[in-house]
Amino acid sequence: MGRPTIADIAQRAGVSKGAVSFALNGRPGVSEATRARILRIAEEMSWRPHSAARALGGARAGAVGLVIARPARTIGVEPFFAQLLSGLQAGLSAQAVALQLLVVEDTAAEIEVYRRWASEHRVDGFILVDLQVQDPRIAVLEELGVPSVVLGGPGRHGSLPSVWADDREAMLSIIDYLAALGHTRIAHLAGLPAFQHTQRRIRALRDCARRLGLAEAVSVPTDFSDAEGAAATRTLLSRPLRPTAIVYDSDVMAVAGLGVAAEMGVAVPGELSIVSFDDSVLARIVHPALTALSRDTFTLGEQVADVLLAAIAEPATRADVQTPTPRLTVRESTAPPTLGRVPKSV
């Protein structure tokens with residue numbers, strides 16, 4: 001049997017479809033006895049309102065959309081996204097709102113999904129992640145008029161509210177710590193260069209290099225994957241004058257880099273210090289355990305959900321919420337540098 005309809009309920013109750021609509025929507029026009037009978041039959045038939053039809057009638061869809069333009073394989077192994085999604089769903093579920101997730105190949109495909117879902121009234125709002133330099137998605141979401149929240153900042157998101165942490169301050173805390181240990185040759189395995197947070201971290205390292213007088217400070221863009229993290233680490237450690245510390249933009253890349261160091265006979269932390277920009281169980285269970293920036297990503301997801309639900313309830317409101325800056329948790333992967341040498345065999 002297919003999904004029960006209002007016509008099915010009307011036939012069983014012996015009333016018109018209009019009477020069923022009045023009863024199900026709590027509107028006057030039917031007696032209380034008839035209303036009770038219709039509601040009982042609807043429950044027996046496991047009838048639920050069709051979200052698209054309700055949206056076309058002005059009702060909410062009861063769902064929000066998250067579209068991510070990254071390789072699906074990369075997303076699948078990212079603990080950050082797993083915790084973020086868990087927090088989002090927890091915050092939304094408290095208001096009986098669902099999370100509709102789709103992974104696409106690029107920004108053009110992401111924008112097409114926004115337009116399609118908005119026209120079909122599939123969602124009541126959008127969550128925008130991976131904020132880009134001169135991001136074209138901001139204007140599209142403003143044009144569509146669907147409540148949306150940006151994860152990232154600070155500022156410059158048109159009329160859209162945002163939830164953000166200070167990536168620059170977080171990176172400065174890492175470099176200041178490594179410099180205090182005595183490191184002067186520091187490498188940074190960054191994420192995708194189109195992302196605003198990637199550019200803020202790159203600029204922070206460059207500014208630190210000038211302020212602290214570092215001998216070398218280089219940022220190498222990657223796609224956040226373990227494969228590119230490993231390949232870039234291998235290249236850096238094969239140089240005649242290699243870095244004594246590497247900062248990774250994700251814990252997946254940091255763990256891959258740790259594996260490459262072991263493969264090449266580079267002792268961590270004796271010859272190489274490793275820091276991860278993300279902290280998760282991955283950073284804690286490897287040996288040596290990784291020094292990392294720690295924050296409650298689950299709570300971050302809940303905060304994003306709260307801001308979006310508020311924007312849906314009151315579209316005219318706009319909030320920019322700064323979350324606590326991630327704090328450095330020092331573990332066994334960092335130490336003062338010793339004079340390194342290139343391994344005999346790579």
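The values are calculated or read from the model by the stated rules, or taken from the named source; none is laboratory data. This is a predicted model, so every value here is computed, not measured. Note: ideal-geometry Cβ built from the backbone for every residue, glycine included; neighbour counts use all protein chains shown. The area values use the complete protein model at the heavy-atom level, side chains included, leaving out ligands, DNA and RNA. Shrake-Rupley method; radii C 1.70, N 1.55, O 1.52, S 1.80 Å.
Annotations for the structure displayed:
- Here ARG284 meets each of (1) part of a helix (DSSP H, G or I); (2) surrounded by fewer than 15 Cβ atoms within 10 Å (Cβ to Cβ); (3) more than 28 Å from the chain's Cα centre (by Cα) with one exception, condition (3).
- Scanning region 183-197 for residues that are at pLDDT 95 or above and outside any strand (DSSP E or B) returns HIS183, THR184.
- Matching entry among ARG341, ARG295, ARG331 (being open to solvent by 10 Å² or more (accessible area, probe 1.4 Å), charged (D, E, K, R), more than 22 Å from PRO154 (Cβ to Cβ) and at pLDDT below 95): ARG341
- Where PHE224 falls short, out of the listed (1) open to solvent by 40 Å² or more (accessible area, probe 1.4 Å); (2) not in a helix (DSSP H, G or I): (1)
- Residues of region 247-259 that turn out to be open to solvent by less than 30 Å² (accessible area, probe 1.4 Å) and part of a helix (DSSP H, G or I), as a count: 7
- Listed by position, the helices (runs of 4 or more DSSP H) inside region 71-159 whose residues that are over 17 Å from the mean Cα position of the chain (by Cα) and of a type in the set (Val, Ile, Thr) number at least 1 are 107-119, 137-144.
- Per this entry, ALA262 is not counted among residues that are part of a helix (DSSP H, G or I), open to solvent by less than 20 Å² (accessible area, probe 1.4 Å) and of a type outside the set (D, E, K, R).
- Qualifying residue in region 266-281 (condition: open to solvent by less than 50 Å² (accessible area, probe 1.4 Å), part of a helix (DSSP H, G or I) and out of contact with any strand residue (DSSP E or B) (no Cβ under 9 Å at 6 or more places or on another chain)): no
- Only a single item in (1) within 26 Å of PHE80 (Cα to Cα); (2) more than 22 Å from the chain's Cα centre (by Cα) is not met by ARG242, and it is number (1).
- Pick from region 188-220, criterion under 22 Å from THR74 (Cα atoms) and of a type in the set (Gly, Ala, Ser), ranking: surrounded by the most Cβ atoms within 10 Å (Cβ to Cβ): ALA190
- Only one of ILE41, ILE127, ILE68 that is in contact with a strand residue (DSSP E or B) (Cβ under 6 Å, 6 or more places away or on another chain), at pLDDT below 95 and among the β-branched types (Val, Ile, Thr): ILE68
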